[in-house]
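Report on one structure; see the data block that follows.
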Amino acid sequence: MASGVPAEVVEAFDINDVANDVYELNFGHRPCQGNIQTLTASDLDKYKAHAWLLSPPCQPYTRQGLQKHSADARAFSFIKILNLMQNMSYRPQMLFVENVVGFEVSDTHDQLLEVLSSLKFNIQEFILSPLQFGIPYSRPRYFCLAKREPMCFQNPPVKNKLLRTPLALSLTFNSTSLSNHDQDEEHLELVCKPIKEFLGFGAVVWYTGGQKSQQSQKRNMYQ
Ligand SMILES: C[S@@+](CC[C@H](N)C(=O)[O-])C[C@H]1O[C@@H](n2cnc3c(N)ncnc32)[C@H](O)[C@@H]1O
């Protein structure tokens with residue numbers, strides 16, 4: 001994978017055939033086509049996926065929309081997946097969620113945090129834009145990284161606080177670093193270069209017990 005994370009995608013899902021055409025072209029694997037709301041906990045268990053990547057529909061949260069949040073039918077599939085996770089035997093160890101700015105103030109976000117907390121996940125949340133990584137494109141997005149205990153993040157003090165700059169992770173946590181949006185290149189390199197380390201993907205996570213094939217499985221929903 002481009003991120004350098006050693007992982008194998010065991011399955012991807014999307015209801016849209018055009019989205020699946022694009023995915024297949026890019027990754028050589030055609031996602032499972034259909035409504036993920038029809039999946040059951042035992043369907044998901046079969047994959048024994050180690051990590052889930054979730055990029056659910058953003059229309060319920062976008063500033064350009066009606067902002068109906070969880071009352072918008074397009075939010076239902078994500079909420080269903082959150083509920084299913086609670087009934088699974090082989091829950092993912094890690095979760096990555098991406099969405100538009102606005103998601104972080106929604107009741108769906110509240111539900112996400114409730115479920116993750118009840119399942120003993122440690123989380124870190126960000127609003128990040130490519131601009132922060134030297135790419136001339138302003139596209140701020142919400143990201144949530146979650147790891148199940150006993151896994152934790154390298155910088156425990158910042159857990160459970162939404163960060164608007166990854167720089168805060170590489171500095172000693174204090175209120176000044178959180179509000180500092182000016183990032184010099186040296187610092188950006190510090191936080192961008194070792195993405196694997198930033199996410200905490202070390203030998204511990206991916207290769208424990210010599211079960212590389214099982215441990216490296218990754219599942220990708222909504223692509
Ligand atoms: C925000 S987009 C993510 C697109 C993809 N991650 C990407 O980066 O290009 C949300 C995707 O969820 C899919 N989707 C929406 N509701 C779904 C459902 N109930 N079951 C499966 N896929 C669904 C849409 O077709 C859309 O492609």
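Rule-based calculations on the coordinates, nothing more; no lab input. This structure is a prediction, so every number in the text was calculated from the model and none was measured. So basically every Cβ, Gly included, is an ideal-geometry build from the backbone, and we count neighbours across all protein chains shown.
Each residue in 81, 127 was given a count of other beta-carbon atoms within 10 angstrom of its own, and listing them fewest first yields 127, 81. Residues 94, 88 in ascending order of nearby Cβ atoms (within 10 Å, fewest first): 88, 94.
Shown in residue order for the range 26-33 are the 3J(HN,Hα) couplings computed by the Karplus curve 6.51 cos²θ - 1.76 cosθ + 1.60 at θ = phi - 60°: 6, 10, x, 9, 8, x, 5, 9 Hz (x for Gly and Pro). In plain terms, the residue of 77, 117, 55 with the fewest other Cβ atoms within 10 Å comes first and the most crowded comes last, giving 117, 55, 77. If R0 is 22 Å, what FRET efficiency do you get for residue 26 and residue 74 from their C-beta distance, rounded to 0.05? FRET efficiency, residue 26 to residue 74: 0.40. Placing a pseudo-label 7 Å from each Cα along the Cα-to-Cβ vector at residue 120 and residue 46 gives an inter-label distance of 2.9 nm.
Based on the inverse mean of 1/r over its pairs of different Cα atoms, what is the Kirkwood hydrodynamic radius of the range 51-143, in Å?
Working: mean 1/r = 0.0713 Å⁻¹.
Averaging 1/r across every pair of different Cα atoms and inverting gives 14.0 Å.
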